[in-house]
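Structure first, then comments.
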Amino acid sequence: MRQRQDAARAEREARQKEQEEAAERRRREVEEQERARKAEEAERRRLEREEEARLRLEEARRRWAEEAERRERERAEREARLAREQAKREEQERQDLETARAWWGRLSPQQQTELFTAVAEYAWRESSVRVEVPEKPMMWPQYARGVPVQVADKRRTLYGIVRPCPDLVAACPTLAEELVLARNAHEARELAAVLPQGRIVHLDRPEHEQLTVC
């Protein structure tokens with residue numbers, strides 16, 4: 001009797017142990033499957049992140065390339081525009097210089113000397129100031145290619161503009177603020193036609209002298 005009881009108990013314990021071992025195997029299998037699932041999920045997310053990063057990088061590179069192309073296009077357009085503007089300015093300056101030379105070419109060197117002498121006499125007579133008579137008169141673009149004369153003092157104050165070119169006055173609006181000295185009444189009328197608000201005086205040089213050199 002005792003032996004049968006021991007055998008039955010041993011059999012029950014063996015079955016229980018087998019059941020526990022089977023349950024442990026199933027638990028480990030489930031854990032391994034879960035680890036595999038999580039690892040697979042993590043790998044999938046990693047690949048997705050890498051793909052997203054790759055796509056973002058490609059998009060950024062595309063934007064960089066487009067931006068670089070835009071900047072290069074704008075630079076080329078800017079340089080072309082500046083070149084056109086520079087060519088236009090140079091051509092305008094060339095035309096202005098030709099116009100001014102023709103205007104001043106009406107006078108011989110002797111007549112020019114007489115003109116600036118008359119300017120100095122006028123300044124002393126009308127304003128009681130001495131002006132600097134230029135040895136080599138320089139035409140200034142900002143004064144419609146006229147020649148500025150200055151008061152012979154420490155401040156070198158601008159006194160007036162001698163013979164600005166009528167055809168160039170429109171591009172020099174500040175000329176209306178200065179005293180304009182014309183050679184004679186004929187030149188004064190030419191300048192008044194384009195500088196109606198200006199202060200224009202003429203030095204009453206004989207008309208025929210203007211026609212000495214043409």
Only helices counted: for the chain, with every DSSP H run of 4 or more residues adding -39500 (n - 2.57) and the sum spread over all residues, [θ] at 222 nm is -23000 deg cm²/dmol
Largest first and rounded to whole Å, the semi-axes √(5λ) derived from the alpha carbon gyration tensor of the stretch 50-149 read 62, 16, 7
Magnitude of the Cβ-charge dipole (Lys and Arg +1, Asp and Glu -1) of the stretch 111-155 about the Cα centre, nearest 20 debye, reported as 180
Hydrodynamic calc, the stretch 66-111: Kirkwood Rh from Cα pairs, then Stokes-Einstein at 20 °C with viscosity 1.002 mPa s, so D in µm² s⁻¹ is 160
Heavy-atom accessible area with a 1.4 angstrom probe orders I200, I161, most exposed first, as I200, I161
Under Stokes-Einstein, the stretch 140-180 at 37 °C and 0.692 mPa s, with its Kirkwood radius over C-alpha pairs, diffuses with a coefficient in µm²/s of 318
For the stretch 16-30, in residue order, the Karplus 3J(HN,Hα) values (coefficients 6.51, -1.76, 1.60; θ = phi - 60°; whole Hz; Gly and Pro = x) are 5, 5, 4, 5, 5, 5, 5, 5, 5, 5, 5, 4, 5, 5, 5
Heavy-atom accessible area with a 1.4 angstrom probe orders W103, W64, W140, W124, most exposed first, as W64, W124, W140, W103
Any lysines whose Cα falls less than 30 Å from that of K88, other than same-chain ones fewer than 8 residues away, would be K136
The stretch 111-214 accessible area per residue, 1.4 Å probe, protein heavy atoms, integer Å², reads 57
Full extension between L57 and E69 adds, at 0.36 nm per residue less the Cα distance, a length in nm of 2.5 nm
In nm, the gap between the two label points placed 7 Å beyond Cα toward Cβ at E91 and E24 is 10.0
So the angle from the long Cα axis of helix 109-127 to the longest Cα principal axis of the chain, reported in degrees to the nearest 10, equals 90
Among (i) 8, 31, 32, 18, 8, 2, 1, 0; (ii) 7, 19, 16, 7, 6, 6, 5, 5, 5, 5, 4, 4, 4, 4, 3, 1, 0; (iii) 8, 34, 37, 18, 3, 0, the value of P(r) over Cα pairs in 10 Å bins from 0, in percent computed for this structure carries the label (ii)
Excluding residues fewer than 8 positions from K38 in its own chain, the aspartates and glutamates with Cα under 20 Å of it are E29, E48, E50, E51
Of the accessible area of the stretch 38-151, computed with a 1.4 Å probe and all protein chains kept, carbon and sulfur make up a percent value of 51
In nm, the gap between the two label points placed 7 Å beyond Cα toward Cβ at R4 and A102 is 14.6
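The values are calculated or read from the model by the stated rules, or taken from the named source; none is laboratory data. What you see is a predicted model; the values in this text were computed from it and never measured. Cβ coordinates were reconstructed from backbone atoms using ideal geometry, including for glycine residues, and neighbour counts include every protein chain displayed. In case anyone asks, the SASA skips ligands and DNA or RNA and just uses the protein heavy atoms, side chains included. Shrake-Rupley method; radii C 1.70, N 1.55, O 1.52, S 1.80 Å.
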